[in-house]
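Here the structure comes first, spelled out in structure tokens, and everything after it is commentary.
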Amino acid sequence: MLFNSIGFAIFFPIVFLLYWFAFNKKLQSQNILLLVASYFFYGSWDYRFLFLLVFSTLLDYFTGLKMYESENRRKKLFWFWLSVSVNLGFLGVFKYYNFFISSFSDALTGFGFQVNPWTIKVILPVGISFYTFHGLSYVIDIYYGKIKPVKNFVEYSVFVSFFPLLVAGPIERATHLLPQIQRERQFDYQKATDGLKQILWGLFKKIVIADNCAQYANQIFNNSASFGGSTLAIGAVLFAVQIYADFSGYSDIALGASRLLGIELLRNFAFPYFSRDIAEFWRRWHISLSSWFRDYLYIPLGGSKGGNWMKIRNTFIIFIVSGFWHGANWTFIVWGALNALYFLPVLLLNKNRINLEIVAIGKFFPSFRDIINIGLTFILTCIAWVFFRSIDIHHAINYLKGVFSKSIFSKPEIFPKQILFLVLILFSVEWIQRSKQHALQFDSKNLNPVLRWGIYYTIFFLIFWYFGTQQEFIYFQF
Amino acid sequence: MKNFLLKLFLFISIVTISILTFYFYYEYRFREISYKESLNSIFIWGDSQAKAGFDLEKISKITGRNVYSAAKGGAGVYDFLVFTEIVPDNSVVVLSISQLAQLRGRDKNTGGIPFKSIYQLVVNHFEDLLPSIRNNLQPKELFTSSSALYPYRDTITFHEPISKFQEIYFTNGSQYQEKQKLFTYGIKRLIDKRCKLVFVEFPFHPLLVDVIIKSPFNVGTKRFNKDILKLFPKSQYDTLNITTKKRMMYDLTHLNEFGAKLITDSIFETDSLFSKQTVHWVVINGGVCE
């Protein structure tokens, strides 16, 4: 069930009404409703993988309890590693098995050995990377004594499988989400209307921007050999916009839907394309994943303490693992490594925390320096996105060779004016609203109600206008 | 909560009413052809074969009538039903219901959302209804009066590999009888509207003809043509034998500019074509189409 489908438009209002009208007397019954709704939501993709979700939930629930109850460190460590290895084992089998086997076989072939790799035809269960990371964060936090395990199985299950975040995040933390599931929730008018506005903006980004950009980006990437540099550059920019609008649109819908149910999720995007350097970009892009890796990988590895070699090593590890998390393909690994290369100079020069404030705060226009920095950061991310989008490394290199050729100065074969105009609207609204949590979070006192409602109606109409063939969200494949 | 639900209900109601008003306005203001305009007009329906196969300006010049073509690439039965609802009574209608339009798995179906046609599709359990509605949320002009012909080339262009057609002709035909039922319904609707009908069957490249002959659905689609003619009291089967040394086909299924002009001349210069009594089924002999 996609967020941008008729199915979800029927499913969510039913859950909402039952949640606030029929099951609002008892917290436990509200949580049971959320759990049933979440399993139904997940089962509508492929009910066969529900067992995996339930198994993963049971595993982490019991290992969490066992770890807490363990009297000695050895036992605690046993339960900890059992959970981590089984979780990562599932991820390894379903997501990475074929990649490792074929890479190993390619390597052996390179040394002159002929092997027939035994690959398995396996469908990647939707959201496996996301709910595995939920479970892992819970188990790790218990191991390090940051939280106590949950005794109520329903509450823990809702934490893992809460439907707005189940298939593409944000990747939640037990410390943030569990307390909200455990306490009574009251309907809040302000939060509910804010949630609706965020859903509206998310749908606009997905249906109007991302799906339209996708048409052209796909056409250009799929036939990259037949286009000149200027068209390829447009293709890279359109993909950069597509992936942002697609994924942040999904996150907006997830956050908005969750807020309507009285639950606040972690923010996942903070207008990343207005970043002035790559460190700022990574503080604003897929925040829940970046902070997960920071807390559970980068800091345990020593973080940026220690010497320069330690910093370089840890930076490469975190970015490469982040790339690998996205998928079993060398393109994602190179994408991660490239971002590490962008990030390192900023880190080594101690300039990774100079742009902590919102750009051009209190001003309408950015300074010339900001424009240059934003432009350069965007170009660097676009180059990295080429690897992310390409079929293989060879494709990406040829694509970039095409971009940086003489034909970059030629007239582009494809120039979708209408789409670029819509993209301009997207970034203009986001620029004006960059200090807010999302682009439609207007201060109702300062904005004429006619204009405000006019904006909502226009966005709704645009969504309806472009609501054509449904496209899946890019991050569902991860 | 009450306030929230009330405001939400109001917002959705206003949006729904605005959108419906817009669609009604669009349908009747921009897509309906007025009775006056229709009196001296020819209406064409077909898929990309008809789009590439008729020189609309030339038809207008030869016949002295206005020409409105709803022929589009990937047009399907949904488009056809939309067309039959919009065509005014007593019109002259040229139809090209190709084998591909009957056999294709997924049509583009971008003819708009007239409610009468949707009702017919619901009643007939048409499988592609929801995708068809989704394709039509952006209203588009149904008719055009200007041609979009493929240029003449000495060599044939293979836009689609032959394997794609093999797939259509050998594996895709699961719903063709359902489609034929809907096409028949549309034709009957035009007969009820007292329209004068002409059917045109465009040629294929000989490479594709070999595939068509071996197709398990060939007999079913040919029989459909005969069944259509049975709907009329008087019909005539016309075969155009065109002899030319020049290449007529642009690719495996579409005529090029030269072929389109030649066929337009040959079909529309026939004086008796629009006689009220006889329905004409024009077949273009494929022997010259390499």
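Is it the case that region A:389-398 has a residue that's assigned to a helix (DSSP H, G or I), buried (at least 19 other Cβ atoms within 10 Å of the Cβ), of a type in the set (A, V, I, L, M, F, W, C) and touching a helix residue (DSSP H, G or I) at 6+ places or on another chain (Cβ under 6 Å)? Checked region A:389-398: at least one residue is assigned to a helix (DSSP H, G or I), buried (at least 19 other Cβ atoms within 10 Å of the Cβ), of a type in the set (A, V, I, L, M, F, W, C) and touching a helix residue (DSSP H, G or I) at 6+ places or on another chain (Cβ under 6 Å). Those helices (runs of 4 or more DSSP H) of region B:56-121 in which 1 or more residues are over 24 Å from residue B:257 (Cβ atoms) occupy B:77-86, B:99-103. Residues B:142, B:182: which one is under 30 Å from residue B:41 (Cα atoms), more than 14 Å from every other protein chain (Cβ to nearest Cβ) and either surrounded by fewer than 13 Cβ atoms within 10 Å (Cβ to Cβ) or touching a Lys or Arg at 6+ places or on another chain (Cβ under 6 Å) (or both)? When all the criteria are applied, what remains is B:142.
The rows are residues; the columns are (1) touching a strand residue (DSSP E or B) at 6+ places or on another chain (Cβ under 9 Å); (2) modelled with pLDDT under 90; (3) not small (Gly, Ala, Ser).
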site: A:111; (1), (2), (3): no, yes, yes
site: A:127; (1), (2), (3): no, yes, no
site: A:146; (1), (2), (3): no, no, yes
site: A:161; (1), (2), (3): no, no, no
site: A:164; (1), (2), (3): no, no, yes
site: A:167; (1), (2), (3): no, yes, yes
site: A:171; (1), (2), (3): no, no, yes
site: A:176; (1), (2), (3): no, no, yes
site: A:183; (1), (2), (3): no, no, yes
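Scan region A:49-65 and tell me whether some residue there is among the charged types (D, E, K, R) and either more than 30 Å from residue A:186 (Cβ to Cβ) or not in a helix (DSSP H, G or I) (or both). No. Checked against the criteria, residue A:180 does not count as within 14 Å of chain B (Cβ to nearest Cβ), of a type in the set (S, T, N, Q), in a helix (DSSP H, G or I) and within 19 Å of residue A:16 (Cα to Cα). Of the residues making up region B:114-133, those that are at pLDDT below 70 and under 22 Å from residue B:21 (Cα atoms) are B:114, B:115, B:116, B:117.
Would you confirm whether or not region A:284-306 contains a residue that is surrounded by 19 or more Cβ atoms within 10 Å (Cβ to Cβ), under 13 Å from the mean Cα position of the chain (by Cα), at positive phi and not assigned by TED's automatic domain parsing to the domain that holds residue A:130? Yes, there is a match, as at least one residue in region A:284-306 is surrounded by 19 or more Cβ atoms within 10 Å (Cβ to Cβ), under 13 Å from the mean Cα position of the chain (by Cα), at positive phi and not assigned by TED's automatic domain parsing to the domain that holds residue A:130. Within region B:126-133, is there a residue that is away from chain A (no Cβ under 14 Å), closer than 30 Å to residue B:278 by Cβ and part of a loop (DSSP other than H, G, I, E, B)? Looking for residues that are away from chain A (no Cβ under 14 Å), closer than 30 Å to residue B:278 by Cβ and part of a loop (DSSP other than H, G, I, E, B), one finds none in region B:126-133, hence no.
Mind listing just one residue for me: the one in region A:8-17 that is surrounded by fewer than 17 Cβ atoms within 10 Å (Cβ to Cβ) and more than 11 Å from chain B (Cβ to nearest Cβ) and, of those, farthest from the chain's Cα centre (by Cα)? Checking each candidate, the answer is A:14. Kindly indicate whether any position in region A:187-207 is in a loop (DSSP other than H, G, I, E, B), within 14 Å of another protein chain (Cβ to nearest Cβ) and not polar (S, T, N, Q). There is at least one residue in region A:187-207 that is in a loop (DSSP other than H, G, I, E, B), within 14 Å of another protein chain (Cβ to nearest Cβ) and not polar (S, T, N, Q). For region B:18-56, a residue qualifies if it is within 12 Å of chain A (Cβ to nearest Cβ) and at pLDDT 90 or above, but none of them does. Yes or no: residue A:100 in the same structural domain as residue A:148 (by TED's automatic domain parsing) and touching a Gly at 6+ places or on another chain (Cβ under 9 Å)? Criteria met by residue A:100. Taking residue A:170, is it in a loop (DSSP other than H, G, I, E, B) and more than 14 Å from chain B (Cβ to nearest Cβ)? Yes; evaluated as a whole, the condition is true for this residue. Looking across region A:420-457, just one residue is exposed (fewer than 15 other Cβ atoms within 10 Å of the Cβ), away from chain B (no Cβ under 14 Å) and of a type in the set (Phe, Trp, Tyr), and that is A:421.
Return yes when residue A:362 is surrounded by fewer than 21 Cβ atoms within 10 Å (Cβ to Cβ) and free of Cβ contacts under 8 Å to residues at least 12 places away in the same chain and no when it is not. So residue A:362 fits the description; yes.
Among the residues of region B:210-244, those identified as touching a Leu at 6+ places or on another chain (Cβ under 7 Å), crowded, with 16+ Cβ neighbours inside 10 Å and farther than 18 Å from residue B:101 by Cα are B:235, B:242.
Rundown of residues vs (1) within 27 Å of residue A:401 (Cβ to Cβ); (2) within 16 Å of the chain's Cα centre (by Cα), yes/no style:
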| site | (1), (2) |
| --- | --- |
| A:169 | no, yes |
| A:172 | no, yes |
| A:176 | no, no |
| A:180 | no, no |
| A:212 | no, no |
| A:221 | yes, no |
| A:237 | yes, no |
| A:244 | yes, yes |
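The values are calculated or read from the model by the stated rules, or taken from the named source; none is laboratory data. It should be emphasised that the depicted structure is a prediction, and the values quoted were computed from it without experimental measurement. Every residue, glycine as well, gets a Cβ built from its backbone with ideal geometry; the counts of neighbours run over all protein chains shown.
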